[in-house]
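Quick notes on the structure that follows.
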């Protein structure tokens, strides 16, 4: 490794700017202007200041001087350091600024819950908690949505289940929910599943800044599907299942 690199394990010819998000979570960052090394931990950011020992930054000693709990983010570029002990490091090399990527996929459903209707997302199951595979499937058009509903007269309850499946990665995201209501019925059960899919697609588009994508939906009631495609200026208050149709 040392044979092909310069001091500080830097390449003779830099690779250039990032063109996509990094597959790792960077812990160390270098602020060239302030001459500060920053270490990101779970809920803090630590600052290491130079003690001035050494003729170059690669041989300078940086020691831990402060820890911040105010939610601040690290500034500038990722870097590689040599850890000497718990409170001192040496800077080896730094690279270009990271490419900005989508919002944290692990926080998606926390954000979705803020839209309301938490009961709809209380039973979501995903074998792969990192939702990046879902984004990839949406962008590539390899994802298929499927939904079906259920209804019980006594007590009056309607429910629905939905699945998102990627035909390329062979992964799936699924969920189900139900709600007791005097408006429960066979028509409502079908609309609930479609409602969940529409909300999920809208939430994915907003949270991950997606544009210009389409989706395939498998559904066993074409009448409800056509209703959801109607572009009405107004839905009568007394219309059947008006609360759901207002969203669709």
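Below are the figures for this structure:
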quantity	calculated
Count of the stretch 15-59 residues which are at pLDDT 80 or above and surrounded by 13 or more Cβ atoms within 10 Å (Cβ to Cβ)	19
The stretch 118-137 - residue that is over 13 Å from the mean Cα position of the chain (by Cα) and surrounded by 15 or more Cβ atoms within 10 Å (Cβ to Cβ) and, of those, nearest to residue 178 (Cα to Cα)	120
Pair list, Cβ < 6 Å and 6+ apart or interchain, from the stretch 196-208 residues that are in the same structural domain as residue 121 (by TED's automatic domain parsing) and at negative phi to residues that are outside any helix (DSSP H, G or I) and buried (at least 19 other Cβ atoms within 10 Å of the Cβ)	196/162; 197/145; 197/147; 197/162
When residues of the stretch 91-112 are limited to those that are exposed (fewer than 15 other Cβ atoms within 10 Å of the Cβ) and touching a helix residue (DSSP H, G or I) at 6+ places or on another chain (Cβ under 6 Å), the one modelled with the lowest pLDDT	103
Number of the exception - residue 151 against (1) part of a strand (DSSP E or B); (2) loosely packed, with under 15 Cβ neighbours inside 10 Å	(2)
Test set (1) over 23 Å from residue 207 (Cβ atoms); (2) surrounded by fewer than 16 Cβ atoms within 10 Å (Cβ to Cβ); (3) touching a helix residue (DSSP H, G or I) at 6+ places or on another chain (Cβ under 8 Å) - residue 69 fails condition number	(3)
In the stretch 113-148, the residues that are farther than 19 Å from residue 215 by Cβ, part of a helix (DSSP H, G or I) and in contact with a helix residue (DSSP H, G or I) (Cβ under 7 Å, 6 or more places away or on another chain)	113
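The values are calculated or read from the model by the stated rules, or taken from the named source; none is laboratory data. Only a predicted model underlies this, so the values are computations on that prediction, with no experimental measurement involved. No Cβ is skipped: glycine too gets one built from the backbone with ideal geometry, and neighbour counts run over all protein chains shown.
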